[in-house]
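Peer 1: Sharing a structure below in structure tokens format, with a few things to ask.
The values are calculated or read from the model by the stated rules, or taken from the named source; none is laboratory data. Note that the structure is a prediction, hence the values are computed from the model and not measured. Cβ: placed from backbone, ideal geometry, glycine included. Neighbour counts: every protein chain shown. To get the accessible areas, we keep the full protein, side chains included, count just its heavy atoms, and leave off ligands, DNA and RNA. Shrake-Rupley method; radii C 1.70, N 1.55, O 1.52, S 1.80 Å.
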Amino acid sequence: VQLQASGGGLVQAGGSLRLSCAASKSILDMNAMGWYRQAPGKQRELVARIFRGGATNYAGSVKGRFAISRDITEDTVFLQMNSLKPEDTAVYFCNYWSGGSKNYWGQGTLVTVSS
């Protein structure tokens, strides 16, 4: 599975960005698809994901500010990020989980939030 992520950039605190991740395979074949992030010197962490049936879950730090959604016709998942904070600065990675150990990763897109 090829994943093409886009939408990162530089934004001021309080601003918004929308990330997109286009998959080369139907997202209805996935168990889950989502976004992880990795800040400098920190481990990669889950931000948000959406399961095949449409259920979602979020990291506590982004609940109420970020929203994950999908377009099944375009095999694309989106992450709308609002009220961004400097601590949201990280490389964001798209993930496609087919089940078991079958995990696929996009190339990462940098989000920088200035204070």
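Peer 1: Being open to solvent by less than 30 Å² (accessible area, probe 1.4 Å) and either of a type outside the set (A, V, I, L, M) or at pLDDT below 95 (or both) is the filter here, so list the residues in the stretch 94-115 that pass it.
Peer 2: Start the filter on the stretch 94-115 by keeping residues that are open to solvent by less than 30 Å² (accessible area, probe 1.4 Å), which leaves 94-96, 99, 106, 108-109, 111, 113.
Passing the criteria: C94, N95, Y96, G99, G106, G108, T109.
Peer 1: Do we have S20 as at pLDDT 95 or above, surrounded by 15 or more Cβ atoms within 10 Å (Cβ to Cβ) and of a type in the set (S, T, N, Q) here? Please lay out each step first, then the result.
Peer 2: Details: at pLDDT 95 or above: yes; surrounded by 15 or more Cβ atoms within 10 Å (Cβ to Cβ): yes; of a type in the set (S, T, N, Q): yes.
When the stated conditions are applied, S20 passes them.
Peer 1: OK, next. So in the stretch 24-43, with the set limited to residues that are touching a Phe, Trp or Tyr at 6+ places or on another chain (Cβ under 6 Å) and farther than 18 Å from V113 by Cα, which one is surrounded by the fewest Cβ atoms within 10 Å (Cβ to Cβ)?
Peer 2: Step one: filter the stretch 24-43 for residues touching a Phe, Trp or Tyr at 6+ places or on another chain (Cβ under 6 Å), giving 30-33, 35-37.
Within this subset, residues satisfying the condition of being farther than 18 Å from V113 by Cα are 30-33.
On the way: M30: 25, N31: 15, A32: 20, M33: 26.
By that ranking, first place goes to N31.
Peer 1: Also, I was wondering about something else. For the stretch 57-82, name all the residues that are β-branched (V, I, T) and open to solvent by 60 Å² or more (accessible area, probe 1.4 Å).
Peer 2: Listed by number, the residues that qualify are I72, T73.
Peer 1: Quick check on the stretch 1-17: of everything there that is assigned to a strand (DSSP E or B) and surrounded by 17 or more Cβ atoms within 10 Å (Cβ to Cβ), which residue is nearest to the chain's Cα centre (by Cα)? Break it down into steps so the answer makes sense when it comes.
Peer 2: Taking the stretch 1-17 as the starting set, the residues that turn out to be assigned to a strand (DSSP E or B) are 3-6, 9-12, 17.
With surrounded by 17 or more Cβ atoms within 10 Å (Cβ to Cβ) added as a condition, the list becomes 3, 5, 11, 17.
Values: L3: 11, A5: 9, V11: 17, L17: 11 Å.
If we take residues in the stretch 1-17 being assigned to a strand (DSSP E or B) and surrounded by 17 or more Cβ atoms within 10 Å (Cβ to Cβ), then A5 is nearest to the chain's Cα centre (by Cα).
Peer 1: Can you tell me which residue is modelled with the lowest pLDDT among those in the stretch 65-89 that are within 15 Å of the chain's Cα centre (by Cα) and in a loop (DSSP other than H, G, I, E, B)? Even if it seems obvious, please write down each step before you answer.
Peer 2: Step one: filter the stretch 65-89 for residues within 15 Å of the chain's Cα centre (by Cα), giving 65-71, 75-82, 84, 88-89.
Cutting the leftovers down to in a loop (DSSP other than H, G, I, E, B) gives us 65, 75, 82, 84, 89.
On the way: R65: 98, D75: 95, N82: 98, L84: 98, T89: 98.
Per the stated criteria, the residue is D75.
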